[in-house]
Amino acid sequence: MTSGAAVSSYHPLASPASSPIIGPVTAPDTELAAAIAAVHHRLAAAYGLPIRQPHHEDPVAGLILTILSQNTNDRNADRAFAALRAAYPDWQAVMRAPTAELAAVIRSAGLAAQKAPRIQKLLRRLYEEQGHFDLSHLAALPVGEARRWLTRFEGVGHKTASVLLLFAFGQPAFPVDTHVHRVTRRLGLAPEQATPDRVMALVEAHAPPDWFYPLHLNLIRHGRQVCQARRPRCEACVLTDLCAFYRRRERETARPTAP
Ligand code: SF4
């Protein structure tokens, strides 16, 4: 759900001429906001501004796809979702299918024995509560309320809820996946021990909602292509002067060794 976005080139009118020092998260809010702004502008200049486009005609489809994508890559999740769509004519049929059969259908997503009952439980609860599978009422709720409503369902955490709210409804939510979590903490936008939910709260509190979509996608792209988990390619990074991890590593490298 996070791949394949169109991108427009980016010409910042007010891009910071020099980079602010990224302080720890305990720094005044304005410093954190400036640090996030600097990262956003720099990534937008490097990768462009992804253009928001609807990924799914049906928000329930988006929700189920995000459950399928947990602990696997987009390709496997997309394959499982396509198989599910091909196997069942509607959500009623998915809800009523034998669980083992559904697990076999979605096996390419991995953890199918957990995901199949989770999907059915979610559909059952939606249907019991509303008498239908429509989620369009979420569009009218404030984002915090919509997120609380969604996270009542087993298997729907803040990331899944935020992905759905951002991508399917265009709501001002900032999803934090493994790449966003890693890159933001290396940059020093959040403390090392910050949970993904904490990073989400920090960014949502310190960046304009219009940036959530491009910043989320650009951080993922940066995490995949440059700031990789095992070995960040700092030599190819456009964020070195904004990065706490890089500064720390430079200091350690420059430190004279004891005689
Ligand atoms: S300088 Fe290195 S650690 Fe920092 S964001 Fe870039 S690649 Fe990641």
Inset, instruction - Would you work out the relative contact order for the stretch 59-169, in percent, from Cα pairs under 8 angstrom that are 6 or more residues apart? - result: 32 percent
Inset, instruction - Tell me the Kirkwood hydrodynamic radius of the stretch 59-169 in angstroms, computed as one over the mean inverse distance between distinct C-alpha pairs. - result: 13.9 Å
Inset, instruction - Could you tell me the distance between the Cα centroids of the stretch 83-158 and the stretch 169-203, to the nearest Å? - result: 25 Å
Inset, instruction - State the Kirkwood hydrodynamic radius of the chain in Å, one decimal place, computed from all pairs of distinct Cα atoms. - result: 19.7 Å
Inset, instruction - Indicate the helices, whole DSSP H runs only, in the chain that combine a mean Kyte-Doolittle hydropathy of 0.0 or more with a Cα extent along their long axis of 24 angstrom or more. - result: 29-47
Legend entry - Where trypsin sites (Lys or Arg not before Pro) in DSSP loops with at most 16 other Cβ within 10 Å are excluded, longest remaining stretch of the chain: 53-151
Inset, instruction - Name the residues whose placed amide hydrogens come within less than 5 Å of the amide hydrogen of V238, ignoring near sequence neighbours (fewer than 5 apart) on the same chain. - result: none
Legend entry - Highest to lowest packing among 205-217, 133-145, scored as the average C-beta count within 10 Å: 205-217, 133-145
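Quick note: the coordinates plus some simple rules give every number you see, no bench work behind them. Note that the coordinates shown come from a computational prediction; the quantities given were computed from them, not determined experimentally. Virtual Cβ from ideal backbone geometry, glycine too; neighbours counted across all protein chains shown.
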